[in-house]
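Peer 1: There's a structure below that I have some questions on.
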Amino acid sequence: MIDVRQQLTRDLLSCDYDALSDRKKSVIDLIADQKPSGVSPEMKDDRTFWVKAADDVARVGGSWGFIMGFGLVLVAWVALNVLLTNKAFDPYPFIFLNLMLSMLAAVQAPIIMMSQNRQSAVDRSAAEHDYVVNLRAELEIMLLHDKLDAIRERDIMAATDALKAQLDILCADVAAMRAHGR
């Protein structure tokens, strides 16, 4: 008896099951077992507290609201220190402000990069999942086409057999009519 996976692989992909990549084998296995493709990676949220924090920092730090709010803080800082002149806590050239901005950039940049790296891994995983789902759908459609072709061929053969039987009856009737001299 031939294995279902081997038969599916030959019918759909015209090759051996063993020659397939692991991803394609998983698709054939899903079809053979008639199981769903699984949960999309975006649906799972198994992030740690620190990963969620990095994502939040990236989300906030990369928003227009943060840019405008931070711009207002900078303008207020400079204006306050210019207006206070002799009593300014950070007089011109605003060295403390430069230090704070440098520290913010030094901390925020790696956090945003960590978040982007994690997001790109999630995107890759989602793309792989989409590939498996699309490949499975394509193979399932090919399988349905094969089934429809088999049904159509069976129906055509049945219709042909019925027509042949009617033709035989008609030929017998014509032969009988000729034999009686009509």
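Throughout, read-outs are computed from the coordinates displayed, never taken from laboratory work. The shown structure was predicted, so the numbers you read here are calculated from the model rather than taken from an experiment. Glycine gets a Cβ as well: all are built from the backbone with ideal geometry, and neighbour counts include every protein chain shown.
Peer 1: What order do you get for 129-139, 90-100 when each peptide is scored by the mean count of other beta carbon atoms within 10 Å, highest first? Intermediate values should be presented prior to the final figure.
Peer 2: On the way: 129-139: 15.3, 90-100: 12.5.
Ranking, from highest mean packing down: 129-139, 90-100.
Peer 1: Among the aspartates and glutamates, which fall within straight-line cross-link reach of Lys24, defined as a Cα-Cα distance under 15 Å, with same-chain neighbours fewer than 8 residues apart omitted?
Peer 2: Here the aspartates and glutamates satisfying the reach criterion relative to Lys24 are Asp11, Asp16, Asp33, Glu128, Asp130, Glu138, Glu140.
Peer 1: Still on this structure: Quick test of the membrane-span-like rule: which DSSP H helices of the chain reach at least 20 Å along their long axis (C-alpha atoms) with mean Kyte hydropathy at least 0.0?
Peer 2: Numbers: long enough: 64-83 (28 Å, 2.05); 95-179 (122 Å, 0.36).
Qualifying helices: 64-83, 95-179.
Peer 1: Now for a separate question. How about Lys52: which lysines have a C-alpha closer than 17 Å to its C-alpha, ignoring those fewer than 8 places off in the same chain?
Peer 2: Lys44
Peer 1: Okay, moving on. How big is the charge dipole of the chain about its Cα centre, in debye rounded to the nearest 20, if each Lys and Arg gets +1 on its Cβ and each Asp and Glu gets -1 on its Cβ? Walk me through the intermediate numbers first.
Peer 2: Numbers: 20 positive and 25 negative charges, 87 e Å.
With only Lys, Arg, Asp and Glu charged at Cβ, the dipole is about 420 debye.
Peer 1: Could you give the dipole magnitude of the stretch 47-121 about its Cα centre, charging the beta-carbon of Lys and Arg +1 and that of Asp and Glu -1, in debye to the nearest 20?
Peer 2: 180
Peer 1: Once you have a ≥ b ≥ c as the square roots of the Cα gyration tensor eigenvalues for the stretch 47-121, tell me rounded if a/c is under 1.5, and otherwise prolate or oblate according to whether a/b is larger than b/c. Don't skip to the answer; put the middle values down first.
Peer 2: Numbers: a/c = 3.85, a/b = 2.65, b/c = 1.45.
Cα axes put the stretch 47-121 in the prolate bin.
Peer 1: Still on this structure, I have one more. Run the helix sum for the chain: -39,500 (n - 2.57) per DSSP H stretch of 4+ residues, divided by residue count, reported at 222 nm to the nearest 500 deg cm²/dmol. Spell out each step's value before the answer.
Peer 2: Details: 5 runs with 140 residues, N = 182.
Calculated at 222 nm, the ellipticity per residue is -27500 deg cm²/dmol.
Peer 1: Cross-link partners among lysines for Lys87, C-alpha distance below 30 Å, same-chain residues fewer than 8 apart left out?
Peer 2: Here the lysines satisfying the reach criterion relative to Lys87 do not exist.
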